[in-house]
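The values are calculated or read from the model by the stated rules, or taken from the named source; none is laboratory data. As the structure is a computational prediction, the values presented were derived from the model and not from experiment. Every residue, glycine as well, gets a Cβ built from its backbone with ideal geometry; the counts of neighbours run over all protein chains shown. In case anyone asks, the SASA skips ligands and DNA or RNA and just uses the protein heavy atoms, side chains included. Shrake-Rupley method; radii C 1.70, N 1.55, O 1.52, S 1.80 Å.
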Amino acid sequence: MSGPLLALGAASVWGISDFCGGLATRRASSALIVMISHGLGLLALTFFLWVLHPPAPSHGTIFYGFLAGIACGSGLLLLYEGLSHGSMGLVAALSGVLTAMVPVLASFLTEGRPTGLQLAGFLAAMVAIWLIVYTPGSSVHLNGLLAGAASGICFGFLLYFLHLAGKSDLLWAIAFSRLGSVSCAIIVGLFLVSRGTRPLLAPAIDWSALLLLAGVAGLLDTAGNLLYTASSLRGRLDVAAVLASLYPAGTILLAIFFLKERATRNQTAGMVLALLAVVMISA
């Protein structure tokens, strides 16, 4: 498969993963969901590593892979903190745009400028992400916006570090990134329990539904990381990052289909613009 197709596959898988993860966080705290979902992803990767017996990972794979996991865990923590301040639409939109910006800037410095059509496609994709995620009328809170911006930068470094880690061994890179994110989630979960400020579980929890949703979210997120990293290694980093960052469109479509939510005009325009951006970037 070509790099753009792999990146679009990552976007599709991540969109489904976020939908399942969003449903799971209605039943438990985000820290517990990350522990379960990323933990199951790590178990799956461990199984494949045991079966395939790849060569031992390089120091670069271990280092950058673990950094990718820390960036992922920190980004999730900051994103949920930002969303808790009430400015959900702005926080999510700002985070989504900055996620794509970090690897784009890194690619400009290491791989040179893309074509003019691709640059226009990048701009169209950024606008599309904003339109899809942003909810008009959401209140603005400085702390929320700062947390959203920081989460986007963290997610951007996640994409960049995965690209660096995957150069030596793709499977090991994703495994160490899961190890880093699980470690981050455990630390946050223990902190919340020790302070007693937020419960990890909702009352009368349905464990079967929770484990199913968190498990599907974690396995799909892991698959998305594999597809994205393979895409970034097969083609340009910026192309892979921007196309994969269109994943909110999939989440919105699933919410419309399964939860009977209605797409706003902005979201509809954003998804149409996203299709145009895909054509421009892949040309």
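Summary of computed values
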read-out: Residue ranges of helices (runs of 4 or more DSSP H) in the stretch 101-197 with at least 2 members buried (at least 21 other Cβ atoms within 10 Å of the Cβ) and of a type in the set (Ser, Thr, Tyr); value: 142-165, 170-195
read-out: Filter result for Val216 (modelled with pLDDT under 85 and in a helix (DSSP H, G or I)); value: no
read-out: Enumeration of residues in the stretch 14-44 that are open to solvent by 30 Å² or more (accessible area, probe 1.4 Å), closer than 11 Å to Asp221 by Cβ and under 15 Å from the mean Cα position of the chain (by Cα); value: Ile16, Asp18
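For (1) modelled with pLDDT of 90 or more; (2) within 22 Å of Pro136 (Cβ to Cβ), each residue gets a yes or a no:
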| site | (1), (2) |
| --- | --- |
| Val242 | yes, no |
| Leu254 | no, yes |
| Phe258 | no, no |
| Arg265 | no, yes |
| Ala274 | yes, yes |
| Ala277 | yes, yes |
| Ser282 | no, no |
